[in-house]
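To start, the structure itself, in structure tokens.
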Amino acid sequence: MQDEALKEQARIHRQIEKSLEKKKSALLEQSVLLIGPGESGKSTVLKQIRAMCGGYTKHELEEKKLLILRNLWTFSDMLLEYVIKNYLDMNEADKKKYKVMIEELKFCVMSGGHMADELAETVKVFWLCAPIQEAYEKRSTYHLTDSAGYFFENIDRIKMPDFQPTNQDIVRIRVPTTGVVTADVILKNIKLSVIDCGGQRQERRKWYHYFDDVHAVLFVAAISEYDQKLVEDETVNRMDEALNLYHIVFNGKYFTKAACILFLNKIDLFREKVKSVSIKKFHPGFEGTNTAEDGAKYFRRKFRDGMHPDFKKRLYCHETCAISDQVQIIINTVIDTVVQENLKDTGMI
Ligand SMILES: Nc1nc2c(ncn2[C@@H]2O[C@H](COP(=O)(O)OP(=O)(O)OP(=O)(O)O)[C@@H](O)[C@H]2O)c(=O)[nH]1
Ligand SMILES: [Mg+2]
């Protein structure tokens, strides 16, 4: 009789051990949802996570090289179009020459080739000429991405036949995400599934499918875009859109258990911009001095205002520059936080 009881006890013990093992391995699988308005830096955060996990294959690097050429082609096209539309001072012969240059860049992309020396020289002259520099200054009015200048300045490296994009090149590439991109990586012994969503308005319908199951949600807002308008609606200020979206998403209905993280991204551009662009002009509620410190404090508060106190306690906010490798330190901290939060939830700590 005693034997039977002991056997039963051992069976229960084994069962408990097994279920604990299961729980432990389940904990090592974490999913992170990346959301936020268009162009705020979500895919850039994902690229940094990829870099932390060993980077890219040779084939992927070849693809990135083509994307850089494609960016150079489309950025050149946008700059020249601005010059022509706004009657900036450029003679007809130059306009013609640069139109041919843009066609040649397009051909480069289409043929998967590299840039001939002569073409690279023309691109350099194009970039440095006064009307193009003036058009670049006005870039936020026609949604030319800030990274454009970086590629023009690195043309001598990019034109080389054996050019291999570095992580710094890769994080500067601009390709708007359409749909949802999922990347499964192993980081810090955790199987991390990162779900990167397109942020423009027409992309957001797809977000809701992922709201129930994720362990963490990372909302990325570009703090530097306080004076800019949306690509998809020229009447709406980008910071207002980010705030509205944030308050809709974190209204208490969703993410009741997930760890919630806010990145106030593009802090590098923000620090530069506040030197010349008034915050109050675009956000009349702002009463501080026009400094990065006061501005960041104000926007941080705007994101937290009106949120439920329980939510505020669960929210982790970081000011970030996603193109800097330093952001990897913050990403590490975020992953630790996510794991801790989920261990707490399952009663493991
Ligand atoms: N200077 C600077 N540029 C950044 C930063 N973060 C992202 N970028 C650049 O901003 C551009 C847009 O970044 P993405 O990561 O493509 O933005 P996204 O949020 O994924 O955009 P969608 O896919 O359209 O929703 C890229 O060219 C990046 O190089 C940052 O912190 N500082
Ligand atoms: Mg993206």
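Rule-based calculations on the coordinates, nothing more; no lab input. Keep in mind that this is a model prediction, so the values were computed, not measured. Cβ sites come from the backbone with ideal geometry, for glycine too, and all protein chains shown count toward neighbours.
Data table
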{"read-out": "Two-site label geometry, residue 6 and residue 60: point separation in nm, points 7 Å out along Cα→Cβ", "value": "5.5 nm"}
{"read-out": "Beta bridges per DSSP with both ends in the chain, % antiparallel, nearest 5", "value": "30 percent"}
{"read-out": "Restraint check, 138/281; 85/302; 257/280, Cα-Cα greater than 29 Å", "value": "85/302; 257/280"}
{"read-out": "The chain - mean residue ellipticity at 222 nm from DSSP helices (-39,500 (n - 2.57) per run, n ≥ 4, rounded to 500)", "value": "-16000 deg cm²/dmol"}
{"read-out": "Crossing angle, helix 117-128 versus the chain [Cα axis fit, 0-90 degrees, rounded to tens]", "value": "90 degrees"}
{"read-out": "Rg and Dmax of segment 28-108, Cα atoms only, in Å", "value": "18.6, 62"}
{"read-out": "Förster radius 25 Å - calculated FRET efficiency between residue 181 and residue 329, Cβ distance, rounded to 0.05", "value": "0.55"}
{"read-out": "Pairs from 47/313; 253/313; 124/229; 42/344; 65/206; 65/188 whose Cα-Cα separation, in the structure shown, is over 19 Å", "value": "47/313; 124/229; 42/344; 65/206; 65/188"}
{"read-out": "Label-point separation, residue 156 to residue 77 (7 Å along Cα→Cβ), nm", "value": "2.9 nm"}
{"read-out": "Partners for residue 58 among aspartates and glutamates (Cα-Cα distance below 14 Å; same-chain residues under 8 apart left out)", "value": "162"}
{"read-out": "Distance-filtered residues of segment 138-159 - backbone nitrogen under 18 Å, label point 7 angstrom along residue 84 Cα→Cβ", "value": "142-144"}
{"read-out": "Difference of contour (0.36 nm per residue) and Cα-Cα distance, residue 344 to residue 95", "value": "83.3 nm"}
{"read-out": "Separation in nanometres of the label points that stand 7 Å from Cα toward Cβ, at residue 134 and residue 17", "value": "7.9 nm"}
